[in-house]
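The values are calculated or read from the model by the stated rules, or taken from the named source; none is laboratory data. For clarity, every value in this text was computed on a predicted model and none was experimentally measured. Here the Cβ is made from the backbone with ideal geometry for all residues, glycine too, and neighbour counts use every protein chain on show. When the accessible area is computed, the model is the full protein with side chains, heavy atoms only, and any ligands, DNA or RNA have been set aside. Shrake-Rupley method; radii C 1.70, N 1.55, O 1.52, S 1.80 Å.
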Number of protein chains: 2
Amino acid sequence: MKQFPYLIPERTVLIVGLGLMGSAYARALSETGYRVLGITPHQEVIDAALSEGVIHAGDTDVNADLIAQADIIVFGLYPTVLLDWVHKNSHLISPGTVLTDVTGVKACVVEQVQAMLPEGVEYISAHPMAGRELIGNEPLAVFRAATPDMFRGANYLVVPTEKNTPEAICLCEQLGRVLGFARVTRLSVEEHDRAIAFLSQLTHAIAVSLMCCTDGEGDVSRLSSLTGDSFRDLTRIAKINDAMWSELFLSNREPLLGQMDVFIDRFCALRQALADGDTEAMRDMMRRSTDCRRAFDRQA
Amino acid sequence: MKQFPYLIPERTVLIVGLGLMGSAYARALSETGYRVLGITPHQEVIDAALSEGVIHAGDTDVNADLIAQADIIVFGLYPTVLLDWVHKNSHLISPGTVLTDVTGVKACVVEQVQAMLPEGVEYISAHPMAGRELIGNEPLAVFRAATPDMFRGANYLVVPTEKNTPEAICLCEQLGRVLGFARVTRLSVEEHDRAIAFLSQLTHAIAVSLMCCTDGEGDVSRLSSLTGDSFRDLTRIAKINDAMWSELFLSNREPLLGQMDVFIDRFCALRQALADGDTEAMRDMMRRSTDCRRAFDRQA
């Protein structure tokens with residue numbers, strides 16, 4: 001049985017899924033001196049990662065030897081793909097290995113994964129609150145766009161359950177710091193999913209809905225020649241990976257529906273104040289929003 | 001009677017209102033070699049603008065001599081203040097002067113201003129689609145934050161009516177180019193107000209409503225330690241000058257209410273798709289939004 005893998009550079013980290021987040025993890029960890037292995041279905045990504053020294057070894061398929069070498073395994077997979085992978089391959093993971101992930105929803109994933117693991121293998125869930133607008137679905141372009149500066153000034157969330165040991169929680173928090181996140185916060189599965197419904201999924205739902213207000217190609221072309229930065233900023237995230245985000249939305253359906261309803265309520269209150277010509281009610285909301293927003297600026 | 005003031009550097013431009021936009025105009029025009037005059041109620045702003053060479057002369061009060069010297073007058077005022085100013089002072093403006101503005105709404109302003117002007121004075125409305133997040137209401141801080149790089153890559157809208165001459169329209173378009181805007185577009189008052197309701201006012205209404213979904217100081221403090229960039233981007237404009245924006249909303253009430261209703265419709269459609277577990281309907285909206293958004297990136 002392996003020793004408990006405290007996060008020292010001698011440790012070997014296997015990244016399963018070299019998409020945007022997995023690739024950025026791989027780059028950050030190999031730059032810091034860790035031995036990084038990679039599994040991803042795209043040969044061109046494995047080739048590029050090897051030639052750039054981002055991974056020490058890799059495979060396009062599940063590779064028992066790579067899995068056996070890993071002290072830590074990071075899953076950079078969609079929720080459903082993660083569940084499927086663990087279901088099929090958990091028997092290959094040796095005791096003492098710590099697993100973590102980058103998944104944006106927790107309630108539908110964490111307990112199921114933990115239930116499938118062999119004795120001595122611990123899964124501690126995390127959520128890096130960082131990303132980049134959609135570059136397209138071309139695997140090599142995504143790999144090349146993934147850089148550790150995505151993590152600078154950003155938040156890293158550690159989401160333990162009752163099944164986690166203090167050592168694994170501590171390891172996961174260390175990982176967030178090694179990756180370069182500005183702030184590491186620990187919270188429960190329920191807190192996480194409620195906060196993420198508001199901070200991440202609701203904002204994407206708003207941006208997508210706003211872009212869908214345009215009326216065909218001619219309208220988009222005309223409007224784009226008139227726009228200012230407020231519209232650009234608000235809709236940056238409207239370029240969205242529809243396969244991933246529809247899955248994230250569905251995986252966190254109840255908290256997200258709840259947050260959408262709160263937003264509709266506030267938006268309709270502002271609409272009503274405008275319809276009534278109620279300047280004071282509008283200014284009240286604007287002052288409150290200004291005060292609250294000051295707390296959210298990114299830390300240096 | 002003055003000669004028609006084609007936009008050559010010998011011409012004198014009076015800026016009335018040295019707020020964010022007026023100050024950035026003054027800086028851009030004086031840097032390009034124009035003789036710039038300024039009127040603003042704050043002595044400290046006049047002093048700073050004089051000492052930095054941003055204006056050649058200025059006053060905290062309406063000054064008949066400064067007004068008489070101007071070939072072009074730019075109003076950097078809220079809509080109601082602009083109407084009041086012209087009502088009180090239009091008799092001081094000499095024939096041949098061309099007036100323009102930076103106002104974000106047109107229907108409620110342009111015709112009224114035009115109706116108040118003496119013979120030989122022409123008002124051609126414009127809307128610089130640029131800004132900066134709220135710095136506060138301290139006049140000197142606003143003056144210092146106003147820089148011409150706000151205009152780089154941005155859109156400048158010229159909004160003529162039937163009363164405008166081709167010469168004044170041409171002058172106003174030249175002004176947009178001299179100021180450094182990437183693209184100058186001409187459109188009617190109705191087109192302008194409808195487009196701005198969508199591109200500018202609706203986005204501010206969304207950001208304000210979203211910030212108002214938070215539940216008190218403790219909630220804001222907790223959420224800010226968890227957030228990612230999507231939420232920050234979407235709410236950057238939630239720091240808002242409540243006096244100005246409530247006035248802009250009210251001045252464009254009908255078009256804005258219409259756009260708010262379209263947005264509610266689309267947002268509720270996405271909510272329904274999620275409630276129904278209708279993945280394809282969600283992905284359809286996400287793909288449409290991704291396609292449309294590509295057209296809106298800022299020009300280099």
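Observations on the model:
- Filter result for B:Val109 (touching a helix residue (DSSP H, G or I) at 6+ places or on another chain (Cβ under 7 Å), within 22 Å of B:Leu175 (Cβ to Cβ), at pLDDT 95 or above and not basic (Lys, Arg)): no
- Qualifying residue in the stretch B:90-110 (condition: in a loop (DSSP other than H, G, I, E, B), more than 23 Å from B:Ser23 (Cα to Cα) and among the hydroxyl-bearing types (Ser, Thr, Tyr)): yes
- A:Thr290 being of a type in the set (Ser, Thr, Tyr), buried (at least 18 other Cβ atoms within 10 Å of the Cβ) and touching a Leu at 6+ places or on another chain (Cβ under 9 Å): yes
- A:Phe296 meets the conditions (1) crowded, with 19+ Cβ neighbours inside 10 Å; (2) in contact with a strand residue (DSSP E or B) (Cβ under 7 Å, 6 or more places away or on another chain) in every case but one. The failed one is (2).
- The set of residues in the stretch A:107-139 that are touching an Asp or Glu at 6+ places or on another chain (Cβ under 9 Å), open to solvent by less than 10 Å² (accessible area, probe 1.4 Å) and within 13 Å of chain B (Cβ to nearest Cβ) contains only A:Ala126.
- Members of the stretch A:229-241 that are surrounded by 21 or more Cβ atoms within 10 Å (Cβ to Cβ) and assigned to a helix (DSSP H, G or I): A:Asp229, A:Ser230, A:Phe231, A:Leu234, A:Thr235, A:Ile237, A:Ala238
- Hey, A:Glu173 in contact with a Phe, Trp or Tyr (Cβ under 9 Å, 6 or more places away or on another chain) and either part of a helix (DSSP H, G or I) or among the charged types (D, E, K, R) (or both) or not: yes
- Residues of the stretch B:269-300 that turn out to be more than 7 Å from every other protein chain (Cβ to nearest Cβ), modelled with pLDDT of 95 or more and in a helix (DSSP H, G or I), as a count: 6
- Within the stretch B:176-201, the only residue that satisfies the criterion of being outside any helix (DSSP H, G or I) and surrounded by 21 or more Cβ atoms within 10 Å (Cβ to Cβ) is B:Phe181.
- Take the conditions (1) over 17 Å from A:Ala145 (Cβ atoms); (2) touching a residue at least 24 places away in the same chain (Cβ under 8 Å); (3) in contact with a helix residue (DSSP H, G or I) (Cβ under 7 Å, 6 or more places away or on another chain); A:Trp85 misses just one of them, which is (3).
- Some residue of the stretch A:202-223 being among the hydrophobic types (A, V, I, L, M, F, W, C), open to solvent by 10 Å² or more (accessible area, probe 1.4 Å), part of a helix (DSSP H, G or I) and in contact (Cβ under 8 Å) with a residue 24 or more places away in the chain: no
- Selection from the stretch B:70-81 of residues that are closer than 20 Å to B:Ala146 by Cα and hydrophobic (A, V, I, L, M, F, W, C): B:Ile73, B:Val74, B:Phe75, B:Leu77
- Number of the condition not met by A:Glu167 [criteria: (1) without any contact (Cβ under 8 Å) to a residue 12 or more places away in the chain; (2) in a helix (DSSP H, G or I)]: (1)
- When A:Thr40, A:Thr60 are checked against the criterion of being within 19 Å of A:Gly19 (Cβ to Cβ), of a type in the set (Val, Ile, Thr), surrounded by fewer than 16 Cβ atoms within 10 Å (Cβ to Cβ) and within 23 Å of the chain's Cα centre (by Cα), a single residue qualifies: A:Thr60.
- Any pair with Cβ under 7 angstrom, 6 or more apart, that starts in the stretch A:235-253 at a residue that is more than 7 Å from every other protein chain (Cβ to nearest Cβ) and ends at one that is acidic (Asp, Glu) and assigned to a helix (DSSP H, G or I): A:Asn252/A:Asp193
- Flag for B:Leu256 being farther than 29 Å from B:His127 by Cβ, facing chain A (nearest Cβ under 7 Å) and open to solvent by less than 40 Å² (accessible area, probe 1.4 Å): no
- Residue count, the stretch A:10-37 (criterion: open to solvent by 10 Å² or more (accessible area, probe 1.4 Å), over 19 Å from A:Asn137 (Cβ atoms) and among the small types (Gly, Ala, Ser)): 2
- Complete set of residues in the stretch B:214-230 that are more than 14 Å from A:Pro128 (Cα to Cα) and within 7 Å of chain A (Cβ to nearest Cβ): B:Thr214, B:Val220, B:Ser221, B:Leu223, B:Ser224
- From the options A:Arg152, A:Arg144, residue that is surrounded by fewer than 17 Cβ atoms within 10 Å (Cβ to Cβ) and away from chain B (no Cβ under 12 Å): A:Arg144
- Where a residue in the stretch A:108-129 is on the phi > 0 side of the Ramachandran plot and its partner, wherever it lies, is open to solvent by less than 20 Å² (accessible area, probe 1.4 Å), with Cβ under 7 Å and at least six apart: A:Gly120/A:Gly96
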